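Worksheet: the structure to be examined is printed underneath.
The values are calculated or read from the model by the stated rules, or taken from the named source; none is laboratory data. Predicted, not measured: the structure shown is a model, and the values here were computed from it. When we count neighbours, we look across all protein chains shown, and the Cβ atoms used for this are built from the backbone with ideal geometry, even at glycine. Remember, those area values only see protein heavy atoms, side chains included, never the ligands or the DNA or RNA. Shrake-Rupley method; radii C 1.70, N 1.55, O 1.52, S 1.80 Å.
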Amino acid sequence: MVDIGSQIPTTFDPFAEAEEFGGTGTKEYVHIRIQQRNGKKSLTTVQGLKQDLSYEKILKCLKKEFCCNGNVVNDKELGKIIQLQGDQRKNVSQFLVNAGIVKKDQIKIHGF
């Protein structure tokens, strides 16, 4: 008889080491997305900023800088999200880096 236990390879878990170091995705990203509304209208959302930041002050500066309207939305799953009118993805990413809020490699820009 052949020993079956020696022929079956053991399973390899590539994420086993990551659990020791605090889990996967330890790097926090700031996601900047665009949502298409009706026609040519669009909405830019900023998600993933640190919770200890003053979202209202950041929003006020963004609105003044880019001459657009916006608001802060509280979501149960995602936390606080900043919404701005228009396609402001590149502007917001440059603003966040220049203001020292986040580093450039922590920003993910999504959309078409």
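Quick look at the numbers
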{"read-out": "Inter-residue pairs, beta-carbon under 6 Å, first farther than 16 Å from residue 43 by Cα and in segment 86-112, second part of a loop (DSSP other than H, G, I, E, B), 6+ apart", "value": "96/102; 106/29; 108/29"}
{"read-out": "All positions within segment 69-102 that are part of a strand (DSSP E or B) and not small (Gly, Ala, Ser)", "value": "71, 72, 73, 74, 75, 80, 81, 82, 83, 84, 85"}
{"read-out": "Verdict on residue 43 being in a helix (DSSP H, G or I) and aliphatic (A, V, I, L, M)", "value": "no"}
{"read-out": "Flag for residue 58 being of a type outside the set (Asp, Glu) and under 14 Å from the mean Cα position of the chain (by Cα)", "value": "no"}
{"read-out": "Subset of segment 46-68 [at positive phi and not in a loop (DSSP other than H, G, I, E, B)]", "value": "none"}
{"read-out": "Complete set of residues in segment 54-85 that are more than 14 Å from residue 33 (Cα to Cα) and either in contact (Cβ under 8 Å) with a residue 60 or more places away in the chain or among the hydrophobic types (A, V, I, L, M, F, W, C) (or both)", "value": "58, 59, 61, 62, 66, 67, 68, 72, 73"}
{"read-out": "Residue, farthest from residue 104 (Cα to Cα), within segment 36-53, restricted to residues that are open to solvent by less than 50 Å² (accessible area, probe 1.4 Å) and over 15 Å from the mean Cα position of the chain (by Cα)", "value": "42"}
{"read-out": "Number of the exception - residue 57 against (1) within 15 Å of residue 95 (Cα to Cα); (2) surrounded by 12 or more Cβ atoms within 10 Å (Cβ to Cβ); (3) not β-branched (Val, Ile, Thr)", "value": "(2)"}
